Amino acid sequence: MDRVEVNKLKSIKYHVLTESFSESQGKFVKHQDVYFVYPYKLRIDTFTDIKTIEIYNDEKHYYYDDNTNKIRVKQAFPPDEPYVIEIIKKVSEVVDSGRYEFFGYEEKNNLKMEVLGIKNNIDQNSYMHKIWITEINGILLPIKEEYFINGQVVEKSEFTYEIVNDSIDKDVFELSSLPNVEVIDDGYLAKHFDLIEETKKYLNFQAKLPISFKPMYISVSPPSSNPSLTLVYIVNNKRIILSEWVGKMDYKPNAKLGNINAYLLKTDNNVSLKWIQDNIVIEIYGELQSFNDIIMIAEEITHSKFTIQGE
């Protein structure tokens, strides 16, 4: 195989059977029906001990489970592509880099599949992700995948495709397709990231960040018209939260960061520092014991010295 091409997917409906194995919990089985219509509609029906239904429709997220028997609605960003496309993109990356092993060809249900393995060694353990891929209606898709640790299968999945680039009844993405139960407005669904660079496509501003601190948690919250960035830092074993969004603040300043007016609020337990910089509202919040670290972060962001008015 010279190269894996990731084709454009317009619609798909598939079933995935996943089995995972552990010495402590034994065998766990999960069934899922997945529906996707590019670019803003995704539905995942999951069947384990309980049934859950998760729907992304434009900027709404609906979640139902038959345990609570309620529907929770959140603001959300439009969905990403379904998991099967993430698998193919991963295959494409490793094939381009040459970091894979080709195990040959297999046939199943008149489908000719290529079998690839992606290997890693971490902490004296051997890991392998084995993938069976084929082309259906011009789209390269996984048929099966298995995860191994030290030669033992710990998880395997099989994919069965019903629709690939054909019409799907869009009613399955509507609230009316869910059971007729109580609907709860449940705020928003934040999107989590591993790297700050990944947030840029969701933000409508250039984030202002400290250089000397690395966040342990990164998220962006909707709506897309006015998203907010949240970063969590652990400094001296204390959590400090940095939030940023485009907006205004009605406040009487009692502090400064250089020439920038700021508002400092201290209580017996917590402290927050807010200011506006280039039309971005910036807030840093933490425990009172983190006051000096909060000031240090603020000074790094503004490149200015913090002072309390009147001092």
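The values are calculated or read from the model by the stated rules, or taken from the named source; none is laboratory data. Keep in mind it's a predicted model, so treat the numbers as computed, not measured. Quick reminder, even Gly has a Cβ in these numbers, built from the backbone with ideal geometry, and neighbours come from all protein chains shown. These area figures cover heavy atoms from the full protein model, side chains too; ligands, DNA and RNA do not enter into them. Shrake-Rupley method; radii C 1.70, N 1.55, O 1.52, S 1.80 Å.
When you filter the trypsin sites (Lys or Arg not before Pro) in the range 261-306 for DSSP loop state and at most 11 other Cβ atoms inside 10 Å of their Cβ, you are left with Lys305. In this structure, the pairs whose alpha-carbon distance is over 19 Å, taken from Lys13/Lys191; Lys27/Lys156; Lys8/Lys90; Lys13/Lys74; Lys89/Lys214, are Lys13/Lys191; Lys13/Lys74; Lys89/Lys214.
Within the range 9-49, find all residues whose amide N lies under 13 Å from a label point positioned 7 Å from the Cα of Asp166 along Cα-to-beta-carbon. It comes to 11-14, nothing else.
Note on the chain: percent of Cα-Cα distances in each 20 Å bin, starting at 0 and stopping at the bin with the largest distance, equals 25, 47, 26, 2, 0.
With θ taken as phi - 60° and the Karplus curve 6.51 cos²θ - 1.76 cosθ + 1.60 applied, the whole-hertz 3J(HN,Hα) list for the range 283-297 is 10, 10, 9, x, 6, 4, 5, 8, 3, 5, 5, 4, 4, 4, 5 Hz, x standing for glycine and proline. On the principal axes of its alpha-carbon atoms, the range 2-132 has extents of 47, 41, 36 Å, going from largest to smallest. Can you say what percent of the DSSP beta bridges in the range 1-144, counting only those with both residues inside, are antiparallel? Round to 5. For the range 1-144, the DSSP antiparallel bridge percentage is about 100. Among 238-246, 108-116, sorting by the average number of other beta carbon atoms lying within 10 angstrom of each residue, highest first, gives 238-246, 108-116. The helix-only estimate of mean residue ellipticity at 222 nm for the chain, built from DSSP H runs of length n ≥ 4 each weighted as -39500 (n - 2.57), is -3000 deg cm²/dmol after division by the residue total.
In loop segments of the range 27-106 as defined by DSSP, the chymotrypsin sites (Phe, Trp or Tyr not before Pro) with at most 16 further C-beta atoms inside 10 Å of their C-beta are Tyr40.
For the residues Thr48, Thr160, a 1.4 Å probe over the protein chains yields an accessible-area ranking, largest first, of Thr160, Thr48.
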